[in-house]
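Notes follow once the structure below has been shown.
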Amino acid sequence: MSAGNYWIAFQTIVRKEILRFSRIWMQTLIPPVVMVALYFIIFGNLIGQRIGEMDGMNYIDFIMPGLVMMSIITNSYANVVSSFYSAKHSYYIEEMLIAPIPNIVILLGYVTGGVVRGLCVGIAVTIVSLIFTDFYIDNPFTVLIVAFLTAFLFSLAGLINAVYANSYDHIAIIPTFVLTPLTYLGGIFYSIKLLPEFWQQASLINPVLYMVNSFRFGFRGVSDIDLSLAIGVILFFILVLFSICMILLHRGTGIKH
Amino acid sequence: MLALEISNLHKTYANGLQALKGIDLTVEQGDFFALLGPNGAGKSTCIGIISSLVNKTSGNVEVFGHSLDRELIKVKSLLGSVPQEFNFNVFEPVNEIVTNQGGFYGIPAKVARKRTEFYLKELGLWPHRNVQARQLSGGMKRRLMIARALIHKPRLMILDEPTAGVDIELRRSMWDFMDEINRNGTTIILTTHYLEEAERMCRNIAIIDEGSIIKNTSMKTLLKSLNSETFVLYLKNIISEAPELSGFGKTLMVDEHTIEVEVPESLSLNDLIQQLDTQGLIVNRMRNKSNRLEELFITLTSKAEKLS
Ligand SMILES: Nc1ncnc2c1ncn2[C@@H]1O[C@H](COP(=O)(O)OP(=O)(O)O)[C@@H](O)[C@H]1O
Ligand SMILES: [Mg+2]
């Protein structure tokens, strides 16, 4: 087997993953767009007009980057956790496990699937936001990098969840009890400067805060957090989760007896 | 050259169950080999380890001289495996399942699609190529897994109970198909609990029970030994060695009053007693020696009868 063969295997996994979520687009692509549209209407338009400005911009412009980021996070995570869990649950993960490919190809294949779904939804949500506010990106490169890295990170997290899950319930627990609180408390809807000193400090241990703020910086040029620190934090978590994934796959945790 | 060499293979599952208790097994290149044993004997565990779906506890596995531990990727590329349980995505179309497997093996899409067509036609699945796999019958699903396992032209093909639950007519056509692959040079190992299947298809056989290989021999020798029975004879006389008997199988001295004689179907107990008599040996009592292998076969045979 050569690098060329591995490349073909990688493409096969990615194509399968993209096909999977696009075949069921009613479940995978539409709901997040509808949800974010509601956020724009309610918080952006109706309530936002009463709130006035946040960090020197219209409230709707303030929350828009965070809402896009939230869609990227939940969708990249959801894609990998449900796809990998189904493959394991119905044993067709074995198609890949018996094939002559290193684990890293399988991992990158699934993660790429998650990244693609996360970015697709992110773009869709951005387009929807144009209905409610003007399009403005201060630094497109930062936006792209942060979107990609965040999707990558949460795809890895989804895979870890899938490895340990033993039922479809288990793939809902983490998103509900960990992911959602972290994103809501990650500064999507408010600037942490509004918080009392203690909660400002406490917020800093929430990794999502760094993603939301660097993303907002990319769009609006304003952030509570230093950009390079934010990117550093995201890269650090990617490194940790990536290593965990590789160890789990190597051991065959949850997929081999 | 050996297609497969297993030595001292142990498997203890997480719950403490000892599924393999140190088995040794060799399969020659080009062989059609049967691994026969009742349910729960450890056949699937053994195959799971070879195809790297089950982690072994200890022992060695080599495929065409390549070590499973050190050359995993190489070993995988030489193996094709048809598991006992269906393990494809039932919502995927039939042709995609086979072509994608080619992709996982690094086969370019164009080649993979050609081979998919070839094997689906060979196995009578071509008319169903565009349906979701869940719409196939049990026998068709089994054949789908065979097509999928052949996509990278493996040198060693392992089939775990390929004909379980397949009706007799279809079973025959699957046998013909496997025969053909074997004649084209692919080594085949199949597990089964149908005696008839092993007898008809296989040149060599290993019998596994409760995690141990209890017999590993050629089909011919096995059938011969099955057609003879061993008797334990208690002699009036004192002997110092086993008597010479012509026409009988293995003859053993157990102690100074006891011998064991393997009696082939062609000879009678009368012949045995007469031969002993001419040597001045008098038989006091006699019993049929129960033999684990024979017992196993009785259970296997009665099971097979129940199923068919
Ligand atoms: N994942 C597992 N965990 C615990 N025990 C298992 C597992 N898989 C199989 N076993 C046990 O190991 C033994 C051998 O099983 P198996 O290899 O499937 O036998 P066979 O294929 O010959 O029917 C059985 O007792 C079975 O219950
Ligand atoms: Mg079995």
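The values are calculated or read from the model by the stated rules, or taken from the named source; none is laboratory data. Quick caveat: nothing in here was measured; it's all calculated off a predicted structure. Note that we place each Cβ from the backbone using ideal geometry, even for glycine, and neighbour counts take in every protein chain shown. Surface areas here come from the heavy atoms of the whole protein model, side chains and all, with no ligands, DNA or RNA. Shrake-Rupley method; radii C 1.70, N 1.55, O 1.52, S 1.80 Å.
Some points to look at:
- Distance from the Cα centroid of the range A:1-50 to that of the range A:201-257 is 19 Å (rounded to whole angstrom).
- Whole-percent pair-distance distribution, where bins are 10 Å wide, for the alpha carbons of the range B:115-165: 25, 56, 20, 0
- Relative intensity of the protein assembly as shown on a log10 scale, I(q)/I(0) at q = 0.05, 0.06 Å⁻¹, equals -0.33, -0.45, per a Debye sum over C-alpha point scatterers of equal strength in the absence of solvent.
- Between the amide H of B:Ser212 and those of B:Lys21, distances stay under 5 Å, these residues lying 5 or more places away or on another chain, with hydrogens modeled in the peptide plane.
- Solvent exposure ordering (accessible area, 1.4 Å, most first) of B:Lys141, B:Lys110: B:Lys110, B:Lys141
- Solvent-accessible area buried by B and A, counting both chains, probe 1.4 angstrom, square angstrom: 2400 Å²
- Dipole-positive endmost among A:Leu67, A:Phe148, A:Val105 within chain A (Cβ charges, Cα centre): A:Val105
- Beta bridge orientation in the protein assembly as shown: antiparallel %, DSSP, nearest 5: 70 percent
- In this structure, the amide hydrogen of A:Tyr92, modeled 1.01 Å from its nitrogen in the peptide plane, lies closer than 5 angstrom to no residue at least 5 positions away or on a different chain.
- In loop segments of the range B:1-72 as defined by DSSP, the trypsin sites (Lys or Arg not before Pro) with at most 12 further C-beta atoms inside 10 Å of their C-beta are B:Arg70.
- For residues of B:51-58, the mean tally of beta carbons on other chains within 10 Å: 3
- For the range B:1-107, chymotrypsin sites (Phe, Trp or Tyr not before Pro) meeting the loop criterion (DSSP other than H, G, I, E, B) and having at most 15 other Cβ atoms within 10 Å: B:Tyr13, B:Phe91.
- Take the Cα radius of gyration of chain B and divide it by 2.2 N^0.38 Å, N being the number of residues; the result is 1.22.
- For B:Asn237, distant residues with modelled amide H under 5 Å away: B:Ile282
- The modelled label-to-label distance for the pair B:Trp175/B:Thr221, using points 7 Å beyond Cα in the direction of Cβ, is 2.4 nm.
- Computed about its Cα centre, the charge dipole of chain B is approximately 1540 debye, with only Lys, Arg, Asp and Glu carrying charge at their Cβ.
- Look at where the Cα atoms of the range A:78-117 and of the range B:102-139 average out, and the two centres are 21 Å apart.
- Evaluated with a Cβ-only charge set (Lys, Arg +1; Asp, Glu -1), the protein assembly as shown carries a dipole of roughly 1240 debye about its Cα centre, given to the nearest 20.
- Bridge type composition, chain B - antiparallel percent by DSSP, nearest 5: 70 percent
- Positive dipole terminus of the protein assembly as shown, leading residue within B:Gly80, A:Ile137, B:Pro93 (C-beta point charges): A:Ile137
- Gyration tensor analysis over the Cα atoms of the range B:6-69 returns equivalent ellipsoid semi-axes of 19, 15, 9 Å (largest first, whole Å).
- Tilt relative to chain B, helix B:168-183 - C-alpha long axis, 0 to 90 degrees, to 10: 90 degrees
- When the charge dipole of chain B is built from unit charges on Cβ atoms (+1 for Lys and Arg, -1 for Asp and Glu) and taken about the Cα centre, the candidate among B:Ala109, B:Leu20, B:Phe177 whose Cα reaches farthest toward its positive end is B:Ala109.
- Nearest-ten-degree value, helix B:94-104 long axis tilted from longest Cα axis of chain B: 90 degrees
- Angle in degrees between helix A:30-39 and the longest Cα principal axis of chain A, rounded to the nearest 10: 20 degrees
- J(HN,Hα) series, the range A:48-56, from Karplus relation 6.51 cos²θ - 1.76 cosθ + 1.60, nearest Hz, glycine and proline x: x, 5, 7, 5, x, 9, 9, 6, x
- Counting Cβ atoms of other protein chains within 10 Å of each Cβ in A:89-97 and taking the mean gives 6.
- Remark: the A:Leu19-A:Ile244 segment gains 78.3 nm on full extension, using 0.36 nm per residue and subtracting the alpha carbon distance.
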